[in-house]
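Working notes for the structure below.
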Amino acid sequence: MKDKILAILIKHKVKGEIQDEFLDHYLTRYEHLLSNGISKKAAAQKTFSEINIKQLKRANKAIFFIHQKRKIQIAMLAISLFTLLSILQFTTSVESNPEVIVDHEIMQSDSIQLGKLLDGPIHVSSHFGLRKHPLMQKELLHKGIDLKANIGDAVYSPLDGIVEKVGYDQKRGNYIELSHAEGYTTRYYHLSKVSLGKNQAITKGKKIGEVGSSGMALSPHLHFEISKKETLKDPRDYLRV
């Protein structure tokens, strides 16, 4: 399945980090369909039917400009137009996912007790699950939740653990991935600063970085994911509402 999707992307000249973004989205969609009991053949047909070449080209251009604006100063008219389109796209995705405000403490789920992620209450602006992607303009699986915050706000580890990955790429921006007991993994994207190094042991409540808008982020926020034994979980299942 991966090779077939990749062949389509290569045929239409979708390369590099942008190729990884689309490949990840369509493979996630395929796995999501399988998890709902659909046969492999039906899931593959459904996934291929959703690959829209015109949408690929539009998103390809949009993502290109997001990357370029971080490297060079472009004409004021182009910046104004891009900013306006970005705001409209972001507003659309947020309106389809009404904001939910919850306490920063997280309740017990399974056998773990998570601590806080941010100081003060959490504002959920985009939820886990299918949502309208602001660049691709179609429903794709959002693997975590987006939490509204300001640049520089502290981000904390909700559990004891170890730093598995830390780095930067054009999609996730500055990111960090932590492993915890019982097969749990948590991920934090779009940071402005990462405070830890790979393989470093951490304790619950330790600062791991600061909120930012790096990578493919249209505004400052924290993207937070949680999985158990490589199975994605809805972070809201752990929120104390």
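The values are calculated or read from the model by the stated rules, or taken from the named source; none is laboratory data. Source: prediction; values computed, not measured. Here Cβ is always computed from backbone atoms with ideal geometry, including for glycine, and neighbour counts include all displayed protein chains.
Some notes on this structure:
- Residue check for residue 141: in the same structural domain as residue 213 (by TED's automatic domain parsing), modelled with pLDDT under 85 and within 22 Å of residue 199 (Cα to Cα): no
Let's see how each residue does on (1) hydroxyl-bearing (Ser, Thr, Tyr); (2) modelled with pLDDT under 95; (3) touching a Cys at 6+ places or on another chain (Cβ under 7 Å); (4) over 14 Å from residue 118 (Cβ atoms):
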{"site": "179", "(1), (2), (3), (4)": "yes, no, no, yes"}
{"site": "182", "(1), (2), (3), (4)": "no, yes, no, yes"}
{"site": "187", "(1), (2), (3), (4)": "no, no, no, yes"}
{"site": "208", "(1), (2), (3), (4)": "no, no, no, no"}
{"site": "213", "(1), (2), (3), (4)": "yes, yes, no, yes"}
{"site": "218", "(1), (2), (3), (4)": "no, yes, no, yes"}
{"site": "221", "(1), (2), (3), (4)": "no, yes, no, no"}
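- The single residue among 125, 179 that is in the same structural domain as residue 232 (by TED's automatic domain parsing) and surrounded by 18 or more Cβ atoms within 10 Å (Cβ to Cβ) turns out to be 125.
- Residue match in segment 101-121 (condition: over 25 Å from residue 205 (Cα atoms) and either modelled with pLDDT of 75 or more or assigned to a strand (DSSP E or B) (or both)): no
- Considered as a group, the residues in segment 206-225 that are out of contact with any Leu (no Cβ under 8 Å at 6 or more places or on another chain) and among the aliphatic types (A, V, I, L, M) include one that is surrounded by the fewest Cβ atoms within 10 Å (Cβ to Cβ), and that residue is 218.
- Among residues of segment 191-220 that are outside the structural domain of residue 170 (by TED's automatic domain parsing), none has a beta-carbon under 9 Å from a residue that is modelled with pLDDT of 95 or more and among the charged types (D, E, K, R) at least six positions away or on a different chain.
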